[in-house]
Every structure is written in C-alpha cells, then in structure tokens.
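Derivation of every value follows stated rules applied to the coordinates shown; laboratory data play no part. Everything numeric in this text was worked out from a predicted model, so none of it was measured. Virtual Cβ from ideal backbone geometry, glycine too; neighbours counted across all protein chains shown.
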Amino acid sequence: GFEAHGWNCGTNTGPSVETLRALRGRIQNLYEKNGGQKIKLVGHSMGGFMAREASRDFPDMIAQTISLGSPFAMVDGVEGATSQTLRRVFELANQNNRRIASDDALLRR
C-alpha cells in the first residue's frame, strides 16, 4: 500500500557534501509532493547510514527509517573492528572520489 520513490541522486559514494545536499532536497521534495505527510525512508548499506542521518535532520518530515545491512557507525575505536573494516572497504571502493564529508560531528554521530 505504499508508493515507492527512488532516491534519484545518482551513485551513492558515501556521505559527501553534494550527496547529503541532494538527499535533503529529495526528502523535502517528496514531503511537499505528499502534502506535508511524513515519509518513510528505506536505505541499504551506506544508504541506510545516510537515511538515519537525514532522519535526524528532518524529524518533522520523516515518519520512519529502515536500514538494511547498514553500518552502525563509521568511527574508529570502541565500536570495534567492524566499523574500521567497513571504513577501509569504503575507502578502497572510492579511491578516486575523495569528496567525503569532512564534518567530524557527522562522522562521530
């Protein structure tokens, strides 16, 4: 019973400034298109991580966020080897794209 909409923001290469800006614009557009009715986000892998962050930015527009196979954290330290391994895989997969957001607060969250 849900109307699904694609993300329409190109290839998700991680939380770059441009990608986060595009995602925020997409959320605002869908919210307005639906007459102000809260929307539900579903994200897979890094998309789930970004959906969770977007939900924090727009709590009045997001009804629910579902993340599938997504990293819980992208910081090193106590979180353990999983986040460190995921970060390394992500870095290797995006060697030619260093536009990752440099917002330390985002990375800590």
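Projecting label points 7 angstrom from Cα along Cα→Cβ for Lys40 and Ala4 puts them 1.2 nm apart.
According to the square roots a ≥ b ≥ c of the eigenvalues of the Cα gyration tensor, what is the shape class of region 1-57, taking rounded for a/c under 1.5, prolate for a/b larger than b/c otherwise, and oblate for the remainder?
Details: a/c = 1.76, a/b = 1.54, b/c = 1.15.
Because a/c hits 1.5 or more and a/b exceeds b/c, region 1-57 counts as prolate.
Scanning residues 5 or more positions from Ser70 or on other chains, those with amide H under 5 Å from its amide H are Ser45, with H placed 1.01 Å from N in the peptide plane.
Taking label points 7 Å from Cα along the Cα-to-Cβ direction, Glu32 and Leu92 give a separation of 4.3 nm.
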